[in-house]
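Step one of this worksheet: look at the structure below.
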Amino acid sequence: MSRINWQCPHCERHVSLGDSDRTAGRHTLKIENADGRLSLLTTFYVCPNAECRRPTLMAVLQETQELMFERSVHERVLKTRCEWRLVPFGSAKTYPDYIPVSLRNDYTEACHIADLSPKAAATLCRRCLQGMIRDFWGIDTKSRRLWDEIKAIKDKVDIGTWEAIVALKDIGNIGAHMEMDVEMIVDVEPEEARLLIELIESLFEDWYISRERRNNRNRALKAAAEAKKSTE
């Protein structure tokens, strides 16, 4: 195996994995069945970062075909059916404690349930989005309608962020119901749920994490200025 670039889901650092950092195994269903020949590929990755060294387990279910080449048997992958991250479970990223726990919990649960129930994941994302608008911007229109609160921040965010939020109104069933109560469950396609999750991740970064970095930088500059004054 060659070296691959990879981002550890535990420490979120971008690292380069060699042969000694990962190991894979395959189990193939060869019993005659209605779904045909299936293979489960599992791969363990261990983060090479000395401060992490935590394992990640990925599983991939594939439709395969048995081929013979010069008296040796090979598995040909025809189609990938599903992929799962089993350890740590789901696709959720780790976010710092200064993001309210209720928002992080809604986001994490949405990631965990996205494949099994996209409509439940979308409902959690809408609730998380509304919670962010209320917490970060101090907006509460009292109407309980997410669309009213989205409109209330139009002049508070950059045009790119505003357009990204509004664009979701045009995506399938989310677009038809986004202005309604965030607790209302509607039919949602898996891709729509993934887009909502990506929006939540983007807003976490653009709002909370950027603000924390700015505050830390400002505190450091203030401390440096005060230290310089004390030496004069």
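The values are calculated or read from the model by the stated rules, or taken from the named source; none is laboratory data. The model shown is predicted, which means the values in this text are computed figures rather than measured ones. Methodologically, a virtual Cβ is constructed for each residue, glycine included, from the backbone with ideal geometry; neighbour enumeration extends over all protein chains shown. To get the accessible areas, we keep the full protein, side chains included, count just its heavy atoms, and leave off ligands, DNA and RNA. Shrake-Rupley method; radii C 1.70, N 1.55, O 1.52, S 1.80 Å.
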Exercise for review: Please give the number of the condition Gly90 fails out of (1) part of a loop (DSSP other than H, G, I, E, B); (2) exposed (fewer than 14 other Cβ atoms within 10 Å of the Cβ).
Suggested key: (2)
**Study point:** Neighbours by Cβ (under 7 Å, 6+ apart or cross-chain): first from segment 25-51, under 25 Å from Val15 (Cβ atoms) and among the aliphatic types (A, V, I, L, M); second open to solvent by 40 Å² or more (accessible area, probe 1.4 Å) and part of a loop (DSSP other than H, G, I, E, B)
**Key:** Val46/Arg53
Practice item. Evaluate segment 53-64: report whether one residue or more is open to solvent by 70 Å² or more (accessible area, probe 1.4 Å), within 18 Å of Thr42 (Cβ to Cβ) and part of a strand (DSSP E or B). Key: no
Review point. For segment 121-168, what are the residues that are within 20 Å of the chain's Cα centre (by Cα), open to solvent by 40 Å² or more (accessible area, probe 1.4 Å) and among the charged types (D, E, K, R)?
Key: Arg127
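Yes or no, residue by residue, for (1) touching a Pro at 6+ places or on another chain (Cβ under 6 Å); (2) in contact (Cβ under 8 Å) with a residue 24 or more places away in the chain; (3) not acidic (Asp, Glu):
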position: Ala59; (1), (2), (3): no, yes, yes
position: Glu63; (1), (2), (3): no, yes, no
position: Met68; (1), (2), (3): no, no, yes
position: Ser72; (1), (2), (3): no, no, yes
position: Arg76; (1), (2), (3): no, no, yes
position: Thr80; (1), (2), (3): no, no, yes
position: Ile99; (1), (2), (3): no, yes, yes
Check your understanding: Just a yes or no: is a residue in segment 21-33 surrounded by 15 or more Cβ atoms within 10 Å (Cβ to Cβ) and within 17 Å of Arg3 (Cα to Cα)?
Key -> yes
Practice item. Report, by residue number, each residue of segment 130-167 that is aliphatic (A, V, I, L, M) and either in contact with a Pro (Cβ under 7 Å, 6 or more places away or on another chain) or at pLDDT below 90 (or both). Key: Ile139, Leu146, Ile150, Ile159, Ala164, Ile165, Val166, Ala167
